[in-house]
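One structure is given below, encoded as structure tokens.
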Amino acid sequence: MSQKMVVIKGTRDGISIILRRRSDFETIKNTILEKLQKGGDFFKGGEARLLVKEGHISQEEMEQLETMLKEYGLNLKKDHPLYTISFPTPPLPETLILKKTLRSGQRISYGGNVVIIGDVNPGGEVIAKGDILVFGALRGMAHAGAEGDANSIVAAYRLQPTQLRIAGVIARPPEGKSAVPQVPEVARLKDGVIEIEPYYLL
Amino acid sequence: MGQVIVITSGKGGVGKTTTTANIGTGLALLKHRKVVMIDADIGLRNLDVVMGLENRIVYDLVDVVQGVCRLKQALIRDKRFENLYLLPAAQTKDKTAVSPEQMKNLCGQLKEEFDYVLVDCPAGIEQGFKNAIAGADRAIIVTTPEVSAVRDADRVIGLLEAAGFEEPQLIINRIRPDMVKRGDMMDIDDIIDILAIDLLGVIPEDERIVISTNRGEPAVADESSKAGQAYRNVTLRLEGENVPLMSLDVEPTLMERIKMLFGLRAKK
Ligand SMILES: Nc1ncnc2c1ncn2[C@@H]1O[C@H](COP(=O)(O)OP(=O)(O)OP(=O)(O)O)[C@@H](O)[C@H]1O
Ligand SMILES: [Mg+2]
């Protein structure tokens, strides 16, 4: 198991509460309380310090903790600077993975690559800043490199789009009923023209 | 408690009303179920005509939700099956006369008393569609083997999934085996490939549908109708029975028969 969410240590002049915030505040409070009760008189009286090693505790939550500790005869020392490591919100994943069939009238637009595990039906649209990969039949419209990246590709297990776009170039299949491709294919820009070839040549 | 099933399609004229009338009648005929059919196509009602009940309408769906009459007063009993009822649509109002909330209430009330509540949905995906699906537990999608109808069915399935319907089922109507055989019509596999939902039945093109519609007696009760047979199968499948898809093989032509007589196998 990883490090505990709440650790309480006895020190010379009271206790230290070391917090790693991995759940809601109620749970944290209850955990602290439980530990204090288990410790019995050992923790009673004196001063308490709070060390937040992960996440952040708000002013209001701080006050709640203070009240709770006071009932236990503990004085929360606030002169101790709050030690907060705030984790940056993770950046948007580069690749959106979608396990779903995109039906007529449904559209996905994403500022990265898009992987679809399912089909894209006629009337469905996928628009991506990067590449588009379809693990299924691509029968609708796909636009890769929608913000201008001409190196983007569109690949599909069965590539039968109503229309393909890569960066600013638009292509559509020849008129008439074309045969269903028997291998996965990839479309990319070559000299300003969208070319399609079997995927295994990649 | 019964279940509410909405019959919908997106595209107009593919056979929703025909399907509603035939399944409703089928359930009453074959299984003696207590069934009510709601015509949710306000302003364009015609389920009453298909059922031959037009001249018995006094009150309608809008009268019920607006409190003009009690629900019981608006229900019309079928001519032949005493367990079968119709709640007709209003002809002189439009789709906005009813709200999804009101439809939900109405369906909730009806399924307390009936085994099946079948809702005949209007074409389109606007207000009328939203009303029709509001109180439904399940959905049946009707399509014909045409690209545009399948496209609309796909759109509607997407909307139903978004609305929380788990497994809509499909009826393919007006299949013409001769055309499929010649490659001039989408076949069942092509359609299932795209829509990827459960197939509840395949109904052949059948002129008896037109005759029975004009007569106001759904084909499901007509022993000699192929479409009627297909609807009887659909009815049984709805009741959980395992009925194989009926063979839609084209009868051999005279020429093919003669060839067969002479031992020259007719080409498949
Ligand atoms: N299997 C069939 N064979 C021959 N004719 C059919 C068949 N199914 C439906 N029809 C005919 O197609 C027409 C349209 O059918 P119906 O009214 O059931 O469609 P709908 O989907 O309810 O239409 P709307 O969207 O206008 O409500 C009718 O004239 C009906 O008789
Ligand atoms: Mg209709």
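We did not get these values from a lab; they are worked out from the coordinates using the rules stated. Only a predicted model underlies this, so the values are computations on that prediction, with no experimental measurement involved. As a convention, Cβ positions derive from the backbone with ideal geometry for all residues, glycine included, and neighbour counts pool all protein chains shown.
So here's what we get for this one:
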item	result
Within 10 Å of each Cβ in A:131-141, the average number of Cβ atoms from other chains	1
Built amide H within the under 5 Å cut-off of residue B:173, gap 5+	B:143, B:144, B:203
Rh (Kirkwood; distinct C-alpha pairs) - chain A, Å	21.2 Å
Across B:31/B:72; B:11/B:79; A:29/A:70; A:99/B:95, pairs whose alpha-carbon gap is larger than 25 Å	B:11/B:79; A:99/B:95
Residues in the stretch B:1-28 reached by a label modelled at residue B:138 [backbone nitrogen below 15 Å; 7 Å Cα→Cβ]	B:1-8, B:20, B:23-28
Around residue B:30: net Lys/Arg minus Asp/Glu count, Cβ-Cβ under 11 Å	+1
Computed [θ] at 222 nm, helices only, for chain B once each DSSP H run of length n ≥ 4 contributes -39500 (n - 2.57)	-12000 deg cm²/dmol
Per-peptide average of other Cβ atoms within 10 Å, ordering A:112-120, A:45-53 highest first	A:112-120, A:45-53
Members of A:129/B:181; A:53/A:100; A:100/B:130 lying beyond 32 Å, as alpha-carbon distances in this model show	A:129/B:181; A:53/A:100
Sum of side-chain charges, residue A:112 neighbourhood, beta-carbon under 10 Å (Lys, Arg +1; Asp, Glu -1)	-1
Degrees separating the helix A:59-71 axis from the principal Cα axis of chain A, which is the longest one	30 degrees
Shape call, the protein assembly as shown: gyration tensor on alpha carbons, a/c limit 1.5	oblate
For q = 0.13, 0.14 Å⁻¹, Debye-computed log10 I/I(0) when each Cα of the stretch A:95-201 counts as one equal scatterer	-0.38, -0.44
Long-range amide H partners of residue B:33 with built H, under 5 Å	B:28
Span from the the stretch B:190-215 Cα centroid across to the the stretch B:83-156 one, whole angstrom	18 Å
Peptide-level mean, for B:152-158, of C-beta atoms on other protein chains within 10 Å	6
Angle between chain A longest axis and helix A:25-39 axis [Cα atoms, degrees, rounded to 10]	40 degrees
Pairs of Cα atoms farther than 22 Å apart, the stretch A:6-76, %	12 percent
Theoretical ellipticity at 222 nm over chain A - DSSP helices of four or more residues, -39500 (n - 2.57) apiece, nearest 500	-4500 deg cm²/dmol
Proximal aspartates and glutamates relative to residue B:111, as straight alpha-carbon distance under 16 Å, when same-chain residues fewer than 8 apart are discounted	B:39, B:101, B:120, B:137
Spatial separation of Cα centroids for the stretch B:22-40 and the stretch A:103-133, in angstrom	41 Å
Calculated FRET value between residue B:105 and residue A:12, using beta carbons and R₀ = 56 Å, to 0.05	0.20
Full-stretch length increase - residue B:148, residue B:181 - with 0.36 nm per residue and alpha-carbon distance subtracted	9.8 nm
Loop-located trypsin sites (Lys or Arg not before Pro) in the stretch A:112-202, at most 10 other Cβ atoms within 10 Å (DSSP)	A:177
Partner chain coverage, peptide B:193-199 - average Cβ within 10 angstrom	3
